[in-house]
1. Only strands (runs of 3 or more DSSP E) wholly contained in the stretch 1-85 count here; list those with 1 or more residues that are hydroxyl-bearing (S, T, Y), under 25 Å from L173 (Cα atoms) and touching a strand residue (DSSP E or B) at 6+ places or on another chain (Cβ under 7 Å).
2. Filter the stretch 78-93 down to residues that are buried (at least 18 other Cβ atoms within 10 Å of the Cβ) and over 17 Å from the mean Cα position of the chain (by Cα) and give me whichever is farthest from D230 (Cα to Cα).
3. State whether one or more residues within the stretch 340-363 are at pLDDT below 90, outside any strand (DSSP E or B), touching an Asp or Glu at 6+ places or on another chain (Cβ under 9 Å) and not polar (S, T, N, Q).
4. May I ask you to list the residues in the stretch 164-188 that are surrounded by 24 or more Cβ atoms within 10 Å (Cβ to Cβ) and part of a helix (DSSP H, G or I)?
5. Please enumerate the residues belonging to the stretch 52-77 that are aliphatic (A, V, I, L, M) and crowded, with 24+ Cβ neighbours inside 10 Å.
6. Only one of (1) assigned to a helix (DSSP H, G or I); (2) more than 30 Å from V175 (Cβ to Cβ); (3) acidic (D, E) fails for E375. Which number is that?
7. Check the stretch 183-201 and report whether any residue there is modelled with pLDDT of 95 or more and within 27 Å of V320 (Cα to Cα).
8. Within the stretch 157-166, is even one residue among the acidic types (D, E), under 22 Å from the mean Cα position of the chain (by Cα) and within 25 Å of A2 (Cα to Cα)?
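The values are calculated or read from the model by the stated rules, or taken from the named source; none is laboratory data. Since the structure is predicted, the reported quantities are computational estimates derived from the model, not experimental observations. For neighbour counting, all protein chains shown are included, and Cβ atoms are generated from backbone atoms with ideal geometry for every residue, glycine included.
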Amino acid sequence: MAVCLEDVVQARGLIQGVVAPTPVLPDPLASEDLGVRLFVKAESLQKSGSFKVRGAFNKIAALSPEEKARGVIAPSAGNHAQGVALAASMQGIRAVIVMPQHAPLTKVVATRRLGAEVVLHGASFDDAVAYARELQQRHGYTYVHAFDDERVIAGQGTIGLELLEALPDLDVLVVPIGGGGLIGGMAVAVKSLRPGVRIVGVQAEGCAPVNLSLKAGAPVSVPAAQTIADGIAVKRPGELTLPLIQRYVDQVVEVSDDEIARGIAHCAQNLKLVVEGAGAAGMGALLAGKVPLAPGQTVATVLCGGNIDGNLLSRVIEQVMVRQGRYILLKLAVVDRPGALARVVSLVAEAGANIVDIFHRRALWLAPLGKVGVELVLEVRDAAHGEEVRRMLEQAGYHPERERVGEWPD
């Protein structure tokens, strides 16, 4: 194998004092719901906001003086960018980062603040890779791969060493997969020290080449990457990482964007942690019941990044609140005369619901003459309270219709 336990141990010695050992935190609510002891490794609290600085520093610190003098270049969907930028700045090295054109603005700005030059090119991570290779050839930069590099993989594996020290009785480890550097390095460390630990990888359904590649016996590309988990939107696993997954990983599951969103919201609401889509993929898989678990097992997942755009975070939490029944949309018709809408508002207040939005429509709703259509977006305590509000309006003679999740066309 390209990477062994000794490489991971050496990497830990090199990054010690530079990279923060992140906390392993219990998740009481999910533990109760799943019947296990669930813990999270909060790499979202790492310097630069993700685990990527571990592999980047392990790689860049080992470059020769001549390689450092040429400067480094790296393609990234966002987190590797910040890891390389931070590691390069610590070494006093020029860094050029190629990111997809639609990379989250938060990650672009953060990378520039760390001193790197950012070039936006292409629609996906793989497009950024191709252009970074072109620039490398043109300008002679030293290339730092996001995942398919022995020293990068070994650096990411240091998370596994920290996790086993905190949880010596670990039974199941759940790790998000993009290119495979994180799960490859962690799997080497964990399986070498605790062969009985079951390791489950998680990919986003909108970009899931790993199971296809495992079946083919070689890296296979998928044609598109469409997921809110941009940090794992990698269309082809690595030549070095796929064999590590084949050897050490027991199962790879796939999660929908809705399941990832639920993971993000769970971390924000219950763990008080801001986690991006890629970082929440493992939590999403666990909450969705996609990881086989036995009662009482000690389970851990890696919250591998926290660099989520604020607008996306707010939309995710709002969407999850809708699915939890905390937000409801009611449509009803009222008589078109002064004071009619005020009565509806008073009834909603009496029922203890909060009006988030209210829309007053005539022509667009095709309401009967003499009436207007009203749409109410309400914040309620839970699904039962939402139904109570609907019934109260029904009893007052309004006959509200409840709009449900999933009624929009794809």
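1. none
2. I93
3. For the stretch 340-363, residues at pLDDT below 90, outside any strand (DSSP E or B), touching an Asp or Glu at 6+ places or on another chain (Cβ under 9 Å) and not polar (S, T, N, Q): present.
4. Correct list: G181, L182, I183, G184, G185, M186, A187, V188.
5. So in the stretch 52-77, the residues aliphatic (A, V, I, L, M) come out as 53, 56, 60-63, 69, 72-74, 77.
Result: V53, A56, I60, V72, I73, A74, A77.
6. Of (1) assigned to a helix (DSSP H, G or I); (2) more than 30 Å from V175 (Cβ to Cβ); (3) acidic (D, E), only one is false for E375: (1).
7. yes
8. To start, the set of residues in the stretch 157-166 that are among the acidic types (D, E) comprises 162, 165.
Those still in the list that are under 22 Å from the mean Cα position of the chain (by Cα) too: 162.
Filter once more, keeping what is within 25 Å of A2 (Cα to Cα): 162.
For the stretch 157-166, residues among the acidic types (D, E), under 22 Å from the mean Cα position of the chain (by Cα) and within 25 Å of A2 (Cα to Cα): present.
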